[in-house]
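What follows is a single structure, written as structure tokens, with notes after it.
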Amino acid sequence: MNIIKAENYKEMSQLAAKYLIKQVNEKPNSVLGLATGSTPEGLYKEIIHHYTEGDVSFKEVATFNLDEYVGLSKDNDQSYYYYMHNLLFDHIDIKDEQANLPNGNTENLQEACKQYESSIQEAGGIDIQILGIGLNGHIGFNEPGTSFASQTHIVELDESTRKANARFFDSIDDVPAQAITMGIDSIMQSRQIILLVSGSQKAEALEKLVNGPITEKFPASILQKHANVTIIADHDAAAKLSV
Ligand code: PGA
């Protein structure tokens, strides 16, 4: 694993943006895997900045987000569809039909999972996948105990994840209990992975990811087996790493 320590959140975001922009400039029809949550917000700001400056175009790019809540409509401001449009897609030249998220607001969730997985394959697979990490080691919404062989599937969210995400909702009762997420195997098939980690509260999870045993009890540990992972951690998140 390639570990880059950034001074702070801004530098972490700038470095991640550089990777993505280089990828898109070298391969204009790149397939990017994107993430939501607090961590990549700065990355998306940087991308918009560079797009506005004319450094990059997303006209031919396709994106696939890691996950989406079940039962929230697209215009619900807590849906990841809303987040991605509000924080990135509406500000760059990506084609709407090329910006993909799992459909968590449908009768047939199983079918939505299958379709999502095959759309990724049809697009040629993911060139770079952006990841965050949960305090419990989740990647996407793959909670501890998820099979390493999993593909896009429906998950019951951990109580700890619902608590962590309650900050975005009026109360924890409003946080959906289920989500659709790319599976661990779907994530591992990406040709390159960039994991962003920020803040002291993530330091322990990052240390476990890097040095801990590879176990389904801590999903992110599987990344030790991926051939092309770059971790960009800010100063506080990297505090427990010795390298
Ligand atoms: P965060 O979430 O970026 O909001 O901390 C990361 C995650 O849970 O994967």
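The values are calculated or read from the model by the stated rules, or taken from the named source; none is laboratory data. All of these numbers come straight from a predicted model, not from anything done at the bench. Counting neighbours? That spans all protein chains shown, and the Cβs are built from the backbone with ideal geometry, glycine included.
In the stretch 201-243, how many residues are more than 16 Å from E143 (Cα to Cα), of a type in the set (V, I, T) and more than 16 Å from the chain's Cα centre (by Cα)? Residues flagged as more than 16 Å from E143 (Cα to Cα), of a type in the set (V, I, T) and more than 16 Å from the chain's Cα centre (by Cα) within the stretch 201-243 amount to 2.
When the stretch 200-229 is filtered for residues that are of a type in the set (G, A, S) and free of Cβ contacts under 8 Å to residues at least 12 places away in the same chain, the ones remaining, listed by number, are G212, A227. Residues in the stretch 185-200 that are within 14 Å of M12 (Cα to Cα) and of a type in the set (V, I, T) were compared, and the one that is farthest from the chain's Cα centre (by Cα) is V197. For the stretch 89-120, filtering for residues that are more than 16 Å from the ligand (Cβ to nearest atom), part of a loop (DSSP other than H, G, I, E, B) and closer than 27 Å to I21 by Cβ leaves 4.
Those strands (runs of 3 or more DSSP E) of the stretch 1-67 in which 3 or more residues are within 17 Å of the chain's Cα centre (by Cα) occupy 31-34, 62-65.
Out of I172, I184, I180, I232, one residue alone is more than 23 Å from V70 (Cα to Cα) and either free of Cβ contacts under 8 Å to residues at least 24 places away in the same chain or hydrophobic (A, V, I, L, M, F, W, C) (or both). It is I232. If you check Y80 against the conditions, is it modelled with pLDDT of 95 or more, buried (at least 18 other Cβ atoms within 10 Å of the Cβ) and within 18 Å of A177 (Cβ to Cβ)? Yes.
One residue stands out in the stretch 19-60 among those that are more than 16 Å from the ligand (Cβ to nearest atom), among the small types (G, A, S) and touching a residue at least 12 places away in the same chain (Cβ under 8 Å): the one that is surrounded by the fewest Cβ atoms within 10 Å (Cβ to Cβ), namely S57.
Can you name the residue in the stretch 100-120 that is of a type in the set (D, E, K, R) and over 16 Å from the mean Cα position of the chain (by Cα) and is also nearest to G183 (Cα to Cα) among such residues? Ranking the qualifying residues of the stretch 100-120, first place goes to K114. When residues in the stretch 185-231 are screened for being in a strand (DSSP E or B), within 13 Å of the ligand (Cβ to nearest atom) and either more than 19 Å from V31 (Cα to Cα) or small (G, A, S) (or both), 1 of them pass.
Taking the conditions (1) without any contact (Cβ under 8 Å) to a residue 60 or more places away in the chain; (2) among the hydrophobic types (A, V, I, L, M, F, W, C); (3) touching an Asp or Glu at 6+ places or on another chain (Cβ under 7 Å) in turn, A166 satisfies each one other than (3). All of L109, L101, L131 fail the test of being without any contact (Cβ under 8 Å) to a residue 60 or more places away in the chain and surrounded by 15 or more Cβ atoms within 10 Å (Cβ to Cβ), apart from L101.
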